[in-house]
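I have placed the structure first, in the form of structure tokens, so that the comments after it can refer back to it.
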Amino acid sequence: MRTNSFAGRWLVTGAAGMLGQDVLSVLQRAGIEAVGLRRADLDITDPDAVRAAVEDATVVVNCAAWTDVDGAETAEEAATAVNGTGVRVLAEACAAAHVRLIHVSTDYVLPGDAAEPYREDAGTGPVNAYGRSKLVGEQAVTELLPQDGYVVRTAWLYGEHGPNFVATMLKLAAQRDTLDVVDDQHGQPTWSKALAQHLVELGLAALRGHAMGGIYHGTASGRTTWMGLARETYRLSGLDPERIRPTTSEAFVRPAVRPAFSVLAHDAWKEQAGLEPLPDWREQLAQALATPGFAALAKAARNGRTG
Ligand SMILES: NC(=O)c1ccc[n+]([C@@H]2O[C@H](COP(=O)([O-])OP(=O)(O)OC[C@H]3O[C@@H](n4cnc5c(N)ncnc54)[C@H](OP(=O)(O)O)[C@@H]3O)[C@@H](O)[C@H]2O)c1
């Protein structure tokens, strides 16, 4: 593999997480020199350690976050220490060292009560503690790095390296005949590998001077509900989609309120960076399910039941 010396040296924080692992593997495949720091290597809330880590990077991709959405309801201060203050620490260090920061955020900063896809400049209004904590982080990046800060909101992520909805549906198929899944929350299921690829393309465009700082929506194109995602997962895995039955959020109460409408528009990719948005969610899901980890889960599900 040839080294892409133009890209310099990238730093990935939260490198042991689901997205962090995919970003690192995309960087390695692209021949870009990259250092992945896990939480034990770099706590993003530690200003001295962050300054030292960021110093000779060209791009930082921040995949570190408090991601326990329900847990944040009773620990908002701790969640904000990472998702808000920790991100501010990173943004300050990047600003001081003139390093570009790609920061991953969430649809949960939005109120989720719209009927049309949210534009990148839509008004924020989180409905839960996790969303509020992530909004503090977004604001730090846009304030401290107006040109060199890239906030990429994602949602409904699934991937090879972490617990996620698609894997859970396949695991449950081996144990239960039918499953009730909510059909009144709308969103864009996004494969973490596809997002990782886009984050790297954005960073390269930034280094070439082709990408403006600001907010980007890193979710798949198209839209569905959790039930739609579960049924398509089953269909593509050779399982009977009718085993998934619709239910409502009211019947499936969780500690943190979930936004009902998490469909995001994707205009900034083209307008601000000359890049295409992520492909349709069905296309991404089909590719993801063909990878060895998901294919093994699907096989076990088919063996567990007749489908
Ligand atoms: N998963 C989704 O559906 C989803 C949806 C919307 C947005 N996002 C965003 O996407 C990004 C990546 O999420 P993910 O799904 O990859 O999450 P993940 O698997 O939970 O990874 C997050 C990583 O951050 C690490 N971390 C936590 N606190 C840290 C700290 N203070 N310093 C350094 N590292 C720390 C975690 O380590 P420990 O495990 O040791 O705590 C974990 O390895 C996050 O910004 C998340 O908010 C995810």
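Read the figures in this text as sums done on the coordinates, not as results from a lab. These numbers were taken from a predicted model, which means no experiment stands behind them. When we count neighbours, we look across all protein chains shown, and the Cβ atoms used for this are built from the backbone with ideal geometry, even at glycine.
List of remarks:
- In a fully extended conformation the segment linking ALA286 and THR124 would gain 55.1 nm over its present Cα-Cα distance, using 0.36 nm per residue.
- The range 206-291 pair-distance distribution - Cα-Cα, 5 Å bins, rounded %: 3, 12, 16, 16, 16, 15, 10, 7, 4, 1
- Between ARG254 and ARG302, the simple spin-label model (points 7 angstrom out along Cα→Cβ) gives 2.9 nm.
- Exposure proxy ranking, count of Cβ atoms within 10 Å, fewest first, for TYR118, TYR130: TYR118, TYR130
- Site pair HIS161 and ALA96 shows an inter-label distance of 2.8 nm when each label is modelled 7 Å from Cα along Cα→Cβ.
- Taking 26 Å as the straight-line reach from the Cα of LYS299, the lysines in range (excluding those fewer than 8 positions away in the same chain) are LYS171, LYS193.
- Relative contact order [Cα under 8 Å, 6+ residues apart], the range 219-306, whole percent: 43 percent
- Net dipole in debye of the range 25-141 [+1 Lys, Arg Cβ; -1 Asp, Glu Cβ; about Cα centre; nearest 20]: 300 debye
- Relative to the compact-globule estimate of 2.2 N^0.38 Å, the Cα radius of gyration of the chain comes out at 0.98.
- For the chain, relative contact order (Cα pairs under 8 Å, six or more residues apart, normalised by length) works out to 20 percent.
- Integer Hz, Karplus 6.51/-1.76/1.60 couplings in order for the range 262-270, x for Gly and Pro: 10, 9, 10, 7, 10, 5, 4, 3, 6
- A straight chain from ALA40 to ALA81 at 0.36 nm per residue would run longer than the Cα-Cα distance by 13.1 nm.
- In order along the range 199-214, phi translates into HN-Hα couplings of 5, 5, 4, 5, x, 5, 5, 5, 5, 7, x, 9, 10, 7, x, x Hz, rounded to whole numbers, per the Karplus curve 6.51 cos²θ - 1.76 cosθ + 1.60 with θ = phi - 60° and x for Gly and Pro.
- Extent of the range 255-307 along its three principal axes (Cα atoms, max minus min coordinate, largest first): 47, 33, 16 Å.
- Relative to the dominant Cα principal axis of the chain, helix 87-97 is inclined by about 40°.
- Cut-off under 5 Å, modelled amide H: who pairs with GLY36 long-range: VAL12
- For the range 77-207, taking Cα atoms only, Rg and Dmax work out to 16.9, 56 Å respectively.
- Cα-Cα P(r), the range 155-233, percent of pairs per 5 Å interval: 3, 13, 20, 19, 16, 11, 7, 6, 3, 2, 0
- Dipole moment magnitude, nearest 20 debye, the chain about Cα centre, only Lys, Arg, Asp, Glu C-beta charged: 1040 debye
- Calculated FRET value between THR168 and SER5, using beta carbons and R₀ = 30 Å, to 0.05: 0.10
- Inter-label distance, nm, simple model (7 Å from Cα along the C-beta direction), ASP113/HIS210: 4.1 nm
- Relative contact order computed over the range 130-262 (Cα-Cα under 8 Å; 6+ residues apart), in percent: 35 percent
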